[in-house]
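Beneath this line is the structure, given in structure tokens, with notes to follow.
Computed from the coordinates by the stated procedures, all read-outs in this text should not be read as laboratory data. Please read all numbers here as calculations on a predicted model, not as lab measurements. Here Cβ is always computed from backbone atoms with ideal geometry, including for glycine, and neighbour counts include all displayed protein chains.
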Amino acid sequence: MTRPKRSDKKGETRLDRTTALDLYTRMVRIRQFEEKAARLYEQGLLPGFLHSSVGQEAVAVGVCGALRKDDYITSTHRGHGHIIAKGAGLDRMFAELYGRETGFNRGLGGSMHIMDFELGVLGANGIVGAGIPIAAGAGLSIQLRGTDQVAVAFFGDGAINTGAFHEGINLAAIWDLPCVFVCENNLYAESTPQEYVLRIPALTERARGYGIPGELVDGNDLVAVYDAARRAVERARAGKGPTLLECRTYRWYGHYIGDPAVYRPQEEVEYWKARDPIPRFEAWMKEHVGFDDADREAVWQAVAAEVEAAVKFAEESPLTPVEAALDCVYS
Amino acid sequence: MRDNVLMREALREALDEEMARDERVFLMGEDIADPMGGSYKITLGLSTKYGKHRVRNTPISEIAIVGAGVGAAITGMRPVAEIMYVDFLEVAMDQVVSQAAKIRYMSGGQLSVPLVIRCQGGPGRSAAAQHSQMLEAWFFHVPGLKVVMPSTPYDAKGLLKAAIRDDNPVIFFEQNGLYNTRGPVPDPGEDYTVPLGKADIKREGKDVTIVAYAQMTLFALQAAEQLAKEDGVEAEVVDLRTVSPWDKETVLRSFRKTGALVVAHQAVRQGGVGAEIAATVYEEALDLVDVEIARVGAKFAPTPFAPHLERYVIPGKDEIVAAVRTTLERGGRFGAVGQAAAQRAGAV
Ligand SMILES: Cc1ncc(C[n+]2csc(CCOP(=O)(O)OP(=O)(O)O)c2C)c(N)n1
Ligand SMILES: [Mg+2]
């Protein structure tokens, strides 16, 4: 297993306390949302599949923290974190997981397909790699419309050997599209270890092959991700073209909730749990902007209350009427 | 109105007029910019007129062409993506089928995908198995896609303009055997569209309904002339124009008039569009006795290279004539017509 290197550009950050607390809160919202969803799923209350992003919160928040509301993201089957980090309300998230009328997609999409155009969420995606060329297209649209938005594609290490990865990134590169390609390398694609499918030490080496910058980031270090994302986003906004970021991280749960994850050693899981991005950022805040147990309690309690209310909202929401199953096939 | 416009000119005019009308419309695809102007020259001159940012050459990246089209479409543009051969859409099927076609639905109606995927193809040129398939049935099977296949220059222009203005993903399938055909088309700049989803009766008749689209429409019209001359049979030719959603109403109305149906296409018969139309008509017309339905389609083989083999596999006018005769003979209720057909049945 390749150990992630800490970003050596950490000194650049000037996160003020308000921003830091905001980013921290977003990580806690993801963590608590995912944990609650896992419990509900285990109780058989949520239909379908559930892919948890617990352990990977710093990537979602570090990147989305560097974005504006009108920037776009495309996401993956493991997309809850990205969408929450982009600003989604937990109530409509849970409602979608429950398949209710009030969900982001009225129960027509579900966990793997959450979209919210208002938040620039162009979609989680059930097809590995598919969001990459779509983000390139959003970048093309930005360039043609002449706005200064940015389009980000999140994808896993499993996506890097799809044709969509190659075609999408190359297109963005040759046209200098305002895109950021974020590989969330959690070391496994289902059971397949990343080194089995990659002959080079880091994906970022491929960036050179596309003629774009690549940066390897410790994906459990929120500040490092945030910094790298800011550099990439600034570059894109300035019209200088795309960047490939590789954020090394780890998913605590198996591929899906219920996967016993027999393909990985327990010591490895423990190693990564000890590098939990949330306490790591707490330590950073203590050192740089001030943060204590009372601050921590306040955030966790407020989020717990939000989660509880959101689940209640979802459970009390009406089922989508069956006629809706035939709506919106066409515009 | 001009009465002798090439199909390829009509298509270019549609693109030109829509680009002039709406700056959100742009084109991308392989080799579409000048000086090449597209493998079949449909986009010739457009990059010179509108600039290479709006008429964009792409790498050979079908996934990215369709995928970027989807991304641009859901964020405010109206892309027309060109795929050089419909056969190459196979490479990008996920972006067509699970992205473009489903985003509106999966988003609960939030997003629409105003994307036109122009492609061309078809048999008749010894292009062999990978460059001449009629793949419309694949897309016909997918809710969320529209599939348009014009047969005349007039329809081609009006349908392409309508497709570009439509808020849904449209597979606009141009049959290359029609590119050099000519027909009447209104003057440039005279704005007209042909509505998607509406069939057109290209020839009226009372004895049998022939449903076709794209080049098969022309073969159906030739077949109808032959049947009129040799058999005294008046065939009605319904040109679907839009294959999905298909115009059930017009087909059924015609069928209720004639009581006999032949659905003809050059795609393989098995699992083809004709199977769906035949089955639907049968189900909807259960109240009618003495109905006759037949399908014409390619034999179940890839398209062979040698001209005589290709002609053997892919149907045209003769197969339509034969199918009409067999059908009417089987029905037997057309009196003289049926008997004449019965005599020929042995030869068919
Ligand atoms: C094109 C495609 N192939 C296979 C799958 C099945 N599948 C779903 S997730 C997954 C693993 C993806 O791994 P990765 O991209 O690393 O994301 P992670 O699950 O680790 O977040 C696979 C093989 C799929 N959804 N799409
Ligand atoms: Mg992975």
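Candidates are the residues of the range B:37-59 that are within 14 Å of chain A (Cβ to nearest Cβ) and in contact with a strand residue (DSSP E or B) (Cβ under 6 Å, 6 or more places away or on another chain); the one that is surrounded by the fewest Cβ atoms within 10 Å (Cβ to Cβ) is B:Arg54. The residue that is farthest from ligand 2 (Cβ to nearest atom), among those in the range A:171-188 that are assigned to a helix (DSSP H, G or I) and surrounded by fewer than 24 Cβ atoms within 10 Å (Cβ to Cβ), is A:Ile174.
Screening the range A:71-158 for helices (runs of 4 or more DSSP H) wholly inside it with 3 or more residues that are within 9 Å of another protein chain (Cβ to nearest Cβ) and closer than 17 Å to A:Thr243 by Cα returns the ranges A:131-145.
One residue stands out among those in the range B:71-88 that are of a type in the set (Val, Ile, Thr) and more than 22 Å from the chain's Cα centre (by Cα): the one that is nearest to B:Arg104 (Cα to Cα), which is B:Ile74. Here the range B:60-90 is the region considered, the condition is being in a helix (DSSP H, G or I), away from every other protein chain (no Cβ under 11 Å) and of a type outside the set (Val, Ile, Thr), and the residue that is farthest from A:Thr162 (Cα to Cα) is B:Asp87. Could you check how many residues of the range B:199-235 are touching a Gly at 6+ places or on another chain (Cβ under 9 Å), surrounded by fewer than 24 Cβ atoms within 10 Å (Cβ to Cβ) and part of a strand (DSSP E or B)? Looking only at that region, the number is 0. Among all residues of the range A:93-102, there is at least one that is of a type in the set (Asp, Glu) and buried (at least 24 other Cβ atoms within 10 Å of the Cβ). With the requirement that a residue be within 16 Å of ligand 1 (Cβ to nearest atom) and either in contact with a Lys or Arg (Cβ under 6 Å, 6 or more places away or on another chain) or not β-branched (Val, Ile, Thr) (or both), what does the range A:79-118 give you? Across the range A:79-118, the qualifying residues are A:Gly79, A:His80, A:Gly81, A:His82, A:Ile84, A:Ala85, A:Gly109, A:Gly110, A:Ser111, A:Met112, A:His113.
Remark: pairs (first residue in the range A:171-193, more than 10 Å from every other protein chain (Cβ to nearest Cβ) and at negative phi; second residue of a type in the set (D, E, K, R) and away from ligand 1 (no atom under 16 Å from the Cβ); Cβ separation under 7 Å; 6+ apart in sequence or on different chains) = A:Pro178/A:Arg237.
When B:Met93 is tested against (1) more than 10 Å from chain A (Cβ to nearest Cβ); (2) buried (at least 21 other Cβ atoms within 10 Å of the Cβ); (3) among the aliphatic types (A, V, I, L, M), only condition (2) is not met. Can you tell me which of A:Arg100, A:Arg78, A:Arg68, A:Arg92 is in contact with a His (Cβ under 6 Å, 6 or more places away or on another chain) and at negative phi? It is A:Arg78. Working only within the range A:119-138, note down all residues that are touching a residue at least 40 places away in the same chain (Cβ under 8 Å), more than 8 Å from A:Thr74 (Cβ to Cβ), of a type outside the set (A, V, I, L, M, F, W, C) and away from ligand 1 (no atom under 11 Å from the Cβ). Answer for the range A:119-138, where residues must be touching a residue at least 40 places away in the same chain (Cβ under 8 Å), more than 8 Å from A:Thr74 (Cβ to Cβ), of a type outside the set (A, V, I, L, M, F, W, C) and away from ligand 1 (no atom under 11 Å from the Cβ): just A:Gly120.
Quick check on the range A:133-148. Is at least one of its residues within 15 Å of ligand 2 (Cβ to nearest atom) and on the phi < 0 side of the Ramachandran plot? Scanning the range A:133-148, I find no residue that is within 15 Å of ligand 2 (Cβ to nearest atom) and on the phi < 0 side of the Ramachandran plot, so the answer is no.
The set of residues in the range B:148-177 being more than 14 Å from chain A (Cβ to nearest Cβ) and of a type in the set (S, T, N, Q) consists of B:Ser151, B:Thr152, B:Gln175, B:Asn176. For A:Tyr226, the requirement of being closer than 30 Å to A:Thr162 by Cα and touching a residue at least 60 places away in the same chain (Cβ under 8 Å) is met. For the range B:156-196, taking the residues that are more than 28 Å from B:Ser98 (Cα to Cα) and in contact with a strand residue (DSSP E or B) (Cβ under 7 Å, 6 or more places away or on another chain), the one that is surrounded by the most Cβ atoms within 10 Å (Cβ to Cβ) is identified as B:Lys157. Scan the range A:189-217 residue by residue and report those that are assigned to a strand (DSSP E or B) and within 16 Å of ligand 2 (Cβ to nearest atom). If the condition is that a residue be assigned to a strand (DSSP E or B) and within 16 Å of ligand 2 (Cβ to nearest atom), then A:Ala189, A:Thr192, A:Pro193, A:Leu216, A:Val217 are the ones that fit.
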